[in-house]
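Below you'll find the structure, written out as structure tokens, and then a few comments.
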């Protein structure tokens, strides 16, 4: 279920060239999602990715047909202040009744809670929300979490609200930003099913890439966006740059204040995906 | 099934008898020959709680002030009463009274109830059973009256107001037999019936049930409602009784030869105690839910640490680990000489076989152990589960409860409501810069940044809950919005213009969609 940590560098290299990330893969031990604290996209994408991996996990022999294990959601007080608490009526139907929420006053307490949660055998997956890049979450702490999650097979998704891309041992690192949703069939003026622009900027098994993630009925849909050239080289160089823009193409736009032409033109190839029905996205 | 038979015992002069037995004198002799009262201190001075027969003859009555009784009889002797001791003694008597039946219950302040269903033949019939009871209590020096009846209410009434050693057979006409008893036999608080002119139980039937029901319709407690009491007396409605079951709290302790001052020694003692406690709990077939660890210091101080567990457990290492976290800040002073561990709350936990399947061999802690560890370190408020609560207002429609307690039954939220993934603790005001004629904002500022709204759905109107809120609360019009970069929010307008409940309506942002 979890990657074998002893795979050789050659294997890793060949994996990296051959296998692109796609939904439906097994969960990785620890993934990180960078998102802005002004939007709910970080938690939303974390839940979507974790649920997708949970649905596709390999079933063990003798396992019950219905997985009734709890889902643990750890938040620091600062994260609650910035992005609010989980709201039961808005949670995905599958986890509404088995969510356990942990509110930690300090970052250290949150890390303790996360580690205890991944060690628990009655937990399906764990979601953590931490604001910024606290001192307590250094490489050692991150490695500790990864090892615990790998050992016990409980996947952990850490949402870093307004964090910087510092050193971490997470197996997959994403930068997520809200994307305009597809228009619903019956009310075209209403917001649709949630969609995110997700950049996988560091992964152990996969090459980096940019996706448009969305959720339709019961499944995660990922469409690949191809607008960013030569992403392999400058991932490191950009890792300390501003987080708000996912890619260079987006950062050139004056933050969406001008109406439609900005983002659409800079994402030339992605226009078709952003608005499948051929309409202007904004308007 | 044999009909219920309840034995009611009334210790008529219980407090005085207890005092007399403690003094060691027979009734009416020695100290008891003088007029004597037991008193309780009240805000207005000492009040008489119990009197002996000499004091009664001298004019002292229960409930009067001691000063008033002294004017009638200056030689009266006043002794402080001991209600707590009386209750403890009564509990002991209740356990002792189980010699006549399988269970007994307290009837404070001075009575006992024993279930003697289908046991009378062991004593040679109910009359002989009553004689045995009488003999046993008289031998112990208590004045008493007893009666047997099919219900607790009837037995109580007969013991207090009926003939001595009354037996009400189950085939008797209860209403006829009891109709001559005074209304006080109904066990009511205060004389609510004498003000209506009713003096006997039989007269209650002449008034009419509907009239009585209307008169006492808002008295829910049985002790205030004569109809409920009457029905309990006649066995038409059940009367729950709380039986006295002797219960031993598992307790283990270590007296230490040398007072200990160091943590590692204390940890050793704690491990031993936990091991002993596990043996104790295993013997009872229970698991600990709450543990009290008391540490007595040589200088007379007691340090107490309390541990609550999410589920009943008999895991010594788990207990030691959790208690160890609470011992970080104790001050041993000159040393600790006695350590005691008490399971003040234990729940049934049957012995289970160790699961030897491969799945159970996986490492990792159980969910209850996980919850315990978190609550020990982060506090009990930190680990909770969201549950539904009956309310339309979003922030009130969700409650938080401990993670392992069962979910209360509630109507599930509507599926067609698209609710946000996260809700802010407190809705934040937004500044609307430009609103469309339709009423929803086109551009707003939140936390210092301007959002341009691209798509809107709404309004969904949620009316204020007038039964909970003040009258000035305004309605809310909720909108789901998406801004031009795809960020999705839940905003609402508080009130509408011209609703007469304040000025221009304000806008708030309450939720963040995924």
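The values are calculated or read from the model by the stated rules, or taken from the named source; none is laboratory data. Everything numeric in this text was worked out from a predicted model, so none of it was measured. Every residue, glycine as well, gets a Cβ built from its backbone with ideal geometry; the counts of neighbours run over all protein chains shown.
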Can you say whether residue B:207 is without any contact (Cβ under 8 Å) to a residue 24 or more places away in the chain, surrounded by fewer than 18 Cβ atoms within 10 Å (Cβ to Cβ) and farther than 30 Å from residue B:290 by Cβ, as far as the supplied structure shows? yes
May I ask you to list the residues in segment B:69-92 that are without any contact (Cβ under 8 Å) to a residue 24 or more places away in the chain and either within 24 Å of residue B:105 (Cβ to Cβ) or in contact with a strand residue (DSSP E or B) (Cβ under 9 Å, 6 or more places away or on another chain) (or both)? B:70, B:84, B:87, B:88, B:92
Where residue A:129 falls short, out of the listed (1) away from chain B (no Cβ under 14 Å); (2) crowded, with 20+ Cβ neighbours inside 10 Å; (3) closer than 24 Å to residue B:373 by Cα: (1)
Out of (1) facing chain B (nearest Cβ under 10 Å); (2) surrounded by fewer than 18 Cβ atoms within 10 Å (Cβ to Cβ); (3) part of a loop (DSSP other than H, G, I, E, B), what's the single condition that is false for residue A:65? (1)
Just a yes or no: is a residue in segment B:350-369 at pLDDT below 90, assigned to a strand (DSSP E or B) and surrounded by fewer than 16 Cβ atoms within 10 Å (Cβ to Cβ)? no
Check segment A:80-95 and report whether any residue there is in a strand (DSSP E or B) and either at pLDDT below 90 or buried (at least 16 other Cβ atoms within 10 Å of the Cβ) (or both). yes
Options B:226, B:240, B:250, B:222; residue that is within 30 Å of residue B:285 (Cα to Cα) and buried (at least 16 other Cβ atoms within 10 Å of the Cβ): B:250
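Quick grid of which residues meet (1) touching a strand residue (DSSP E or B) at 6+ places or on another chain (Cβ under 6 Å); (2) under 24 Å from residue B:205 (Cβ atoms); (3) at pLDDT 90 or above:
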position	(1), (2), (3)
B:128	no, no, yes
B:131	no, no, yes
B:142	yes, no, yes
B:146	yes, no, yes
B:154	no, yes, yes
Which one of the conditions (1) in a helix (DSSP H, G or I); (2) in contact (Cβ under 8 Å) with a residue 60 or more places away in the chain; (3) within 21 Å of residue B:407 (Cβ to Cβ) does residue A:52 fail to meet, given that it meets all the rest? (3)
Can you tell me which residues in segment B:276-301 are in a loop (DSSP other than H, G, I, E, B) and more than 28 Å from residue B:352 (Cα to Cα)? B:298, B:299, B:300, B:301
Identify all residues within segment B:40-80 that are surrounded by 15 or more Cβ atoms within 10 Å (Cβ to Cβ) and in a loop (DSSP other than H, G, I, E, B); write none if there are none. B:52, B:59, B:60, B:64, B:73, B:76
Tell me the residue from B:256, B:273, B:266 that is in the same structural domain as residue B:331 (by TED's automatic domain parsing) and either surrounded by fewer than 18 Cβ atoms within 10 Å (Cβ to Cβ) or in a strand (DSSP E or B) (or both), please. B:256
Within segment B:238-253, the residues that are at pLDDT below 90 and either within 30 Å of residue B:195 (Cα to Cα) or not in a loop (DSSP other than H, G, I, E, B) (or both) are B:238, B:239, B:240, B:241, B:243
Could you say which residue among B:159, B:120, B:154 is in contact (Cβ under 8 Å) with a residue 60 or more places away in the chain, closer than 22 Å to residue B:96 by Cβ and under 33 Å from the mean Cα position of the chain (by Cα)? B:159
For segment B:81-97, enumerate the residues that are buried (at least 17 other Cβ atoms within 10 Å of the Cβ) and either closer than 18 Å to residue B:145 by Cα or within 25 Å of the chain's Cα centre (by Cα) (or both). B:82, B:86, B:89, B:90, B:93, B:94, B:97
(1) modelled with pLDDT under 90; (2) surrounded by fewer than 16 Cβ atoms within 10 Å (Cβ to Cβ) all hold for residue B:396 apart from (1)
